[in-house]
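Scroll down for the structure; my scribbles are underneath it.
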Amino acid sequence: MKLIILGAPGAGKGTQAQVLEQTFSIPAISTGAMIRHAIKDETQTGIEAKKFIDKGQLVPDDMIIRMLEERLSMPDCKNGFILDGFPRTIPQAEAFDRNSDGSYKVISIEVSDEAIIERLTGRRECAVCATPYHIVNKPSSKGEICEKCGGNLITREDDTPETISKRLAVYHKQTEPLKNYYKDSGKLITIHGKESISDTTAELLAALGHKQD
Ligand code: AMP
């Protein structure tokens, strides 16, 4: 199965991608997490990308397309993958289509801007393995420590109120047009992000025709 998950920052793409990764045993690939790793490792790409992320802007298409294509050529993507945060622009979607057999589905998770702002301010992430948490909706049972790997939970640097509103504006302007792009090609499935993560997962799996145990 090949899946693209669309949605505003904080809509729950990362959280749902991780559930789907477990359910379908295919890798969840977050371009945002890849960039944060590159920044931490101070690679050339990371140093360049940081200038954009800090301003709440998108990283240039050619940089992200190169990064994603390299990742998709790895053996673990042979049986499918879940893309979380890619594509974010029409040129990215077109680049993906040039190398694709078209056998993928697109899920758009809809959440209002008000709910997004509330969610992002409570969001936390493991500094080591990037597992997402939320102080209200998905707290770690170990407090400020990651349940999976024992890493410290941190607030992402781009989850400040000013950057959040910039990222939302960028989403509406540059990423939302992708909904029409995929509607036109008959690939778009729209679901409504719920308060509870498991309710959203249930709607998502039903939309994919997958029966839950
Ligand atoms: P995310 O973790 O998906 O919210 O991504 C964090 C940041 O990484 C975004 O605000 C962008 O600056 C950058 N980014 C992630 N994915 C992409 C993409 N597909 N195209 C451009 N920039 C991206």
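If only one of GLY32, GLY46, GLY14, GLY10 is among the small types (Gly, Ala, Ser) and not in a helix (DSSP H, G or I), which one is it?
Answer to the check: GLY10.
Quickly run through the range 70-101 and pick out the residues that are more than 12 Å from the ligand (Cβ to nearest atom) and in contact (Cβ under 8 Å) with a residue 12 or more places away in the chain.
Result: LEU72, ASP76, CYS77, ASN79, GLY80, PHE81, ILE82, ASN99, SER100.
Output the number of residues of the range 73-92 satisfying the condition of being surrounded by fewer than 20 Cβ atoms within 10 Å (Cβ to Cβ) and among the hydrophobic types (A, V, I, L, M, F, W, C).
3
If SER140 satisfies all but one of (1) part of a helix (DSSP H, G or I); (2) surrounded by 14 or more Cβ atoms within 10 Å (Cβ to Cβ); (3) more than 17 Å from the chain's Cα centre (by Cα), what's the number of the condition it fails?
Here SER140 meets the rest and fails (1).
Examine the range 7-21 for a residue that is out of contact with any strand residue (DSSP E or B) (no Cβ under 8 Å at 6 or more places or on another chain), within 10 Å of the ligand (Cβ to nearest atom) and open to solvent by less than 40 Å² (accessible area, probe 1.4 Å), and state whether such a residue exists.
yes
Among all residue pairs at least 6 apart or on different chains, which show Cβ distances below 6 Å where the first residue, located in the range 181-209, is in contact (Cβ under 8 Å) with a residue 12 or more places away in the chain and the second is aromatic (Phe, Trp, Tyr) and surrounded by 18 or more Cβ atoms within 10 Å (Cβ to Cβ)?
LEU188/TYR182
Taking the range 171-198, which residues are open to solvent by 30 Å² or more (accessible area, probe 1.4 Å) and either among the charged types (D, E, K, R) or within 16 Å of the ligand (Cβ to nearest atom) (or both)?
Hits for the range 171-198 are HIS172, LYS173, GLN174, GLU176, PRO177, LYS179, TYR181, LYS183, ASP184, LYS187, LYS194, GLU195.
The values are calculated or read from the model by the stated rules, or taken from the named source; none is laboratory data. Note that the structure is predicted; figures quoted are calculated from it, not measured. Cβ atoms come from the backbone with ideal geometry, glycine included; neighbour counts cover every protein chain shown. These accessible areas exclude ligands, DNA and RNA; they are computed on the full protein's heavy atoms, side chains included. Shrake-Rupley method; radii C 1.70, N 1.55, O 1.52, S 1.80 Å.
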